[in-house]
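Please read the structure below before turning to the comments.
Throughout, read-outs are computed from the coordinates displayed, never taken from laboratory work. Worth saying up front: this structure is predicted, and the values here are computed from it rather than measured. Quick reminder, even Gly has a Cβ in these numbers, built from the backbone with ideal geometry, and neighbours come from all protein chains shown.
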Amino acid sequence: MRFLCLYRPGTAESHAPPTAEEQETMGKLIGDMAKAGVLLAVEGCLPSSYGVRVDIRAGEFSVTDGPFPETKELIAGFCLMQVKSKEEAVEWGKRFLSVAGEGQTEIRQLHEMPAG
């Protein structure tokens with residue numbers, strides 16, 4: 001089962017890169033996930049001031065440049081993992097939050113395409 005975890009920080013965006021200690025702590029978790037064979041991809045996002053949103057309504061596109069002020073809407077990073085159950089995905093999500101700090105991880109199971 002594949003799951004996508006979206007991380008939303010509990011505080012305002014920071015434009016500062018992670019400290020060496022934060023990088024080391026997150027690197028250990030990423031290493032643990034790789035050793036467990038569950039990690040498919042992981043990335044942090046630059047601040048929303050570097051991003052854009054593209055919407056379509058009634059066939060018309062609109063493009064909005066960041067930054068995006070609502071903290072609850074910000075996605076600061078993601079992780080794609082392959083695990084045996086939703087419960088296992090939740091456990092990895094808890095470990096991630098214990099490293100990342102205040103915030104929320106939304107864990108969504110992905111559709112699996114039939115083989116063949």
| Can you list the HN-Hα couplings for the range 19-34, worked out from phi with the Karplus curve (6.51, -1.76, 1.60; θ = phi - 60°), rounded to whole Hz and with x for Gly and Pro? | 6, 4, 5, 4, 5, 5, 5, 5, x, 5, 4, 4, x, 4, 5, 5
| Please state the relative contact order of the range 2-109 as a whole percent: Cα pairs under 8 Å, 6+ residues apart? | 49 percent
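Can you tell me the relative contact order of the range 53-116? Whole percent, Cα pairs under 8 Å, sequence separation 6 or more.
This gives 16 percent for the range 53-116.
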| note | Once amide hydrogens are built 1.01 Å from N within the peptide plane, the residues lying 5 or more places from residue 40 or on another chain with amide H under 5 Å from its amide H are 80, 81, 82
| query | When we measure straight from the Cα of residue 72, which aspartates and glutamates land under 16 angstrom away, once same-chain ones fewer than 8 places off are left out? | reply | 13, 102, 106
| field | Disulfide-incompatible cysteines by the Cβ rule (no partner under 4.7 Å) in the chain | value | 45
| message | Looking at the range 33-116, I'd like the Rg to Rh ratio, where Rg is from alpha-carbon atoms and Rh is Kirkwood's inverse mean 1/r. | response | 1.05
| field | Longest site-free stretch - the chain; sites: GluC sites (Glu not before Pro), DSSP loop, at most 10 other Cβ within 10 Å | value | 1-69
| Going through the range 73-116, which trypsin sites (Lys or Arg not before Pro) have at most 12 other Cβ atoms within 10 Å and a DSSP loop state? | 84
| Most positive-pole-ward Cα, 12, 42, 92, against dipole of the range 2-109 from beta carbon charges | 92
| note | The ³J(HN,Hα) series, computed from each phi in the range 82-98 with the Karplus coefficients 6.51, -1.76 and 1.60 at θ = phi - 60°, rounded to the nearest Hz and given as x for glycine or proline, is 10, 9, 7, 7, 5, 4, 5, 4, 5, 4, 5, x, 5, 4, 4, 5, 5
